[in-house]
1. Find how much the distance from Lys31 to Glu130 grows on full extension, using 0.36 nm per residue of separation minus their present alpha carbon separation; answer in nm with one decimal.
2. So how long is each side of region 264-342 along the principal axes, counting just the alpha-carbon atoms, biggest first, in Å?
3. Return the single residue from Val196, Val384, Val117 with maximal mean-square fluctuation; model: Gaussian network over the chain, springs between Cα atoms under 10 Å.
4. What Kirkwood radius, in Å to one decimal, follows from the Cα pairs of region 193-252?
5. Suppose we take every Cα in region 118-231 and form the convex hull; what volume per residue is that in Å³?
6. Please report, in whole Å, how far the alpha carbons of region 169-275 spread along each principal axis, starting with the longest.
7. Could you give the Stokes-Einstein D for region 378-433 in µm² per second, using the C-alpha Kirkwood radius, 20 °C, 1.002 mPa s?
8. Obtain the nm distance between the two label points defined at Asp113 and Asp92 by a simple spin-label model: each point lies 7 Å from its Cα along the Cα-to-C-beta direction.
Amino acid sequence: MRLVMVGSGYVGLVSGVCFADFGHDVVCVDKDPGKIERLRAGEVPIFEPGLDVLMQSNVKAGRLSFTTDLAEAARGADAIFIAVGTPTRRGDGHADLTYVYDAAREIASVAADDTVVVTKSTVPVGTGDEVERIIRELRPDSRISVVSNPEFLREGAAIDDFKRPDRIVIGSEGEHSRKVMSEIYRPLFINQGPLVFVSRRTSELIKYAANAFLAMKITFINEMADLCEKVGAEVQDVARGIGLDNRIGSKFLHAGPGYGGSCFPKDTLALVRTAQEAHAPTRLIETVVEVNDARKKKMAQKIIDACGGSVSGKRIAVLGLAFKPNTDDMRDAPSLDILPALQKAGAEIVAYDPESMDQARPLLPGITFAESAYDCLGGADALVIVTEWNAFRALDLKRIKLALKAPIVVDLRNIYRSAEMKQLGFAYYGIGR
Ligand SMILES: NC(=O)c1ccc[n+]([C@@H]2O[C@H](COP(=O)([O-])OP(=O)(O)OC[C@H]3O[C@@H](n4cnc5c(N)ncnc54)[C@H](O)[C@@H]3O)[C@@H](O)[C@H]2O)c1
């Protein structure tokens with residue numbers, strides 16, 4: 001089939017590359033000429049494990065190309081995917097749908113008569129109706145149909161998630177679009193990836209409900225972690241003890257500094273606003289948003305307390321800046337709350353992240369960026385672990401101890417064992433232990 005991805009960011013690019021790898025002909029479109037130039041040169045503008053190799057092999061096989069010219073890409077396309085951003089709208093927390101509606105207008109002006117337009121971006125309930133209205137207004141006689149197909153991939157594991165999804169949700173109102181979507185996902189269906197066909201509005205809500213539930217699970221274990229600290233219990237054992245129950249499941253039960261990233265913060269907020277407007281408020285999720293925001297802010301105080309009540313004039317070494325490992329994505333990363341708060345309290349910060357430092361630089365002024373994990377530590381008054389990159393899990397603890405001025409370690413991801421750290425003479429502070 002011939003597919004077009006409008007928007008070649010995380011989701012558009014990963015989806016485009018994986019669809020091409022299934023054997024479809026894919027054109028990835030972006031309005032950012034710099035991005036398209038880099039992609040054409042074989043360079044992946046984001047860090048996503050395995051994406052460069054898969055992209056290059058599909059370009060070589062002639063199944064994948066990049067352009068800024070939607071009209072040219074749309075010629076003969078069976079389906080055009082909208083994979084543009086839906087950030088939080090300034091001021092009110094709603095999803096900003098400007099990019100989606102602009103893309104819908106552009107698609108309407110160039111799409112063939114029976115193209116299926118697929119919204120892959122995360123969009124509030126009813127967006128598909130508006131996309132359809134926009135297209136009908138510009139192309140009243142066409143048979144273009146509009147489908148919702150939310151994406152559930154995780155950055156850092158995106159290719160595997162895309163190729164082996166737990167489910168593929170398709171919100172479609174017509175027979176033709178259903179057939180086209182089944183054909184697009186046939187290679188995955190053969191891989192046992194179940195297709196879940198629902199109404200378009202239901203599909204749009206499933207995406208928000210899934211993200212809100214996961215954000216709630218993280219927030220739950222974070223609150224349990226706070227309770228553990230007060231009552232002398234171990235949150236990792238609590239997580240294991242409840243996670244082995246199949247009804248609960250062990251994933252998303254890692255206590256930490258609060259969720260961040262490109263999806264959970266904006267999607268929880270957007271769901272809250274949608275629900276309030278529909279007079280069916282999601283009080284649980286409203287609280288999740290509030291608790292998580294407060295938690296990210298509280299983390300700096302935890303570090304200050306670990307440093308004896310003040311970080312003024314102290315040098316703090318920070319390992320990890322991205323919102324999670326295996327990505328360079330800094331969107332809503334906890335480090336963006338924690339580090340400026342420490343600076344405000346008078347700390348000097350030296351930080352290292354294996355992949356995100358280029359993204360982090362403009363967002364974190366006044367911070368020194370180190371060349372490696374060990375470079376970061378020399379003469380620091382404390383070490384803070386903010387992101388749990390694998391490369392930080394097995395550092396030479398004796399070397400760390402020698403490098404630090406004071407042996408204080410604040411491990412916001414619980415990647416080290418407190419007993420071992422204490423035995424080695426560290427003043428060690430994890431989360432919920
Ligand atoms: N990042 C994730 O892990 C993830 C996972 C699931 C769903 N989503 C959702 O997918 C959507 C896209 O997210 P992302 O992280 O890929 O965003 P992104 O910001 O990385 O990429 C969006 C791209 O769209 C391009 N663009 C915008 N308008 C365009 C237009 N009219 N024509 C061509 N290109 C255009 C931008 O230049 C940009 O390159 C969002 O709704 C997001 O919530 C993201």
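1. 33.4 nm is the gain from fully extending Lys31 to Glu130.
2. So the three principal-axis extents are 50, 30, 15 Å.
3. Most flexible of the set in this elastic network: Val196.
4. Kirkwood hydrodynamic radius for region 193-252: 13.5 Å.
5. Hull volume over Cα atoms, normalised by residue count, gives 123 Å³.
6. Largest first, region 169-275 extends 59, 34, 21 Å along its Cα principal axes.
7. On the way: Rh = 11.2 Å.
Using the Kirkwood radius from Cα pairs, D works out to 191 µm²/s.
8. That separation, rounded to one decimal, is 4.0 nm.
A short reminder: the numbers here are calculations on the coordinates, not readings from a lab. Bear in mind the structure is a predicted one, so any value in this text is a computation, not a measurement. Ideal geometry is used to build each Cβ from the backbone, glycine not excepted, and the neighbour counts take in all protein chains shown.
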